[in-house]
Amino acid sequence: MESINALKWRYAAKKFDPEKILSSEKIEILKRAFNLTATSYGLQPLKLLVVQNKPLQQKLMAASYNQKQVGTASHVLVICIEKSVGKEFIENYFKTVRDTRQTPDEVLHPFRESLIGD
C-alpha cells in the first residue's frame, strides 16, 4: 500500500531550480531501473536517451509543445520506442541473448521461432 500512496502523490513540475542538478549516481540508477523494466516477451523494444545538453534541450522544446521544463531541466529523459518489431529485430535480440548469456541456440530456437512465426 505504501507504493500506491506514493504514486498518488504527484504533481507537474512548473519550474526547475537551475541550482539543483541530478547527480550521475541518480542518473545511473534511473538508467538501470529503465533497463530492468519488464516488457512483452522480454524484447525490450525501447531505448532511453539521457540528454544533458542545453542547446539540444532548447531544440527539443519545439517537439514538446514549447514546455519550458524541457529546456531548464538538468537532464531530459527521452524514451524511444521501435515502430516495428519484425524478424530482424527479433533475430538481433536473440543473437545478443546468445552472445551475452552463452545460451545455446537449441534453447532459444523454439521461443525465437514462435515470435517470428515462420
(request) Can you work out which of the residues in segment 53-64 that are assigned to a loop (DSSP other than H, G, I, E, B) and at pLDDT below 95 is surrounded by the fewest Cβ atoms within 10 Å (Cβ to Cβ)? (result) A63
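So which of K15, K20 is farther than 30 Å from K87 by Cα, touching a Lys or Arg at 6+ places or on another chain (Cβ under 9 Å) and touching a residue at least 40 places away in the same chain (Cβ under 8 Å)?
Sole residue among the options that is farther than 30 Å from K87 by Cα, touching a Lys or Arg at 6+ places or on another chain (Cβ under 9 Å) and touching a residue at least 40 places away in the same chain (Cβ under 8 Å): K15.
Among the residues of segment 23-52 satisfying the criterion of being open to solvent by 70 Å² or more (accessible area, probe 1.4 Å) and assigned to a loop (DSSP other than H, G, I, E, B), which is modelled with the highest pLDDT?
Here is the first cut: in segment 23-52, the residues open to solvent by 70 Å² or more (accessible area, probe 1.4 Å) are 24-26, 28-32, 35-36, 38, 40-41, 47, 49, 52.
Among the residues that remain, those that are also assigned to a loop (DSSP other than H, G, I, E, B) are: 36, 38, 52.
On the way: L36: 89, A38: 85, Q52: 95.
Among residues in segment 23-52 that are open to solvent by 70 Å² or more (accessible area, probe 1.4 Å) and assigned to a loop (DSSP other than H, G, I, E, B), the one modelled with the highest pLDDT is Q52.
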(request) Would you confirm whether any residue within segment 65-80 is more than 22 Å from the chain's Cα centre (by Cα), within 30 Å of K14 (Cβ to Cβ) and loosely packed, with under 12 Cβ neighbours inside 10 Å? (result) yes
(request) Determine, yes or no, whether E88 is open to solvent by 80 Å² or more (accessible area, probe 1.4 Å) and more than 30 Å from L22 (Cβ to Cβ). (result) yes
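The values are calculated or read from the model by the stated rules, or taken from the named source; none is laboratory data. Predicted, not measured: the structure shown is a model, and the values here were computed from it. Methodologically, a virtual Cβ is constructed for each residue, glycine included, from the backbone with ideal geometry; neighbour enumeration extends over all protein chains shown. For accessibility, only protein heavy atoms count, side chains too; no ligands or nucleic acids. Shrake-Rupley method; radii C 1.70, N 1.55, O 1.52, S 1.80 Å.
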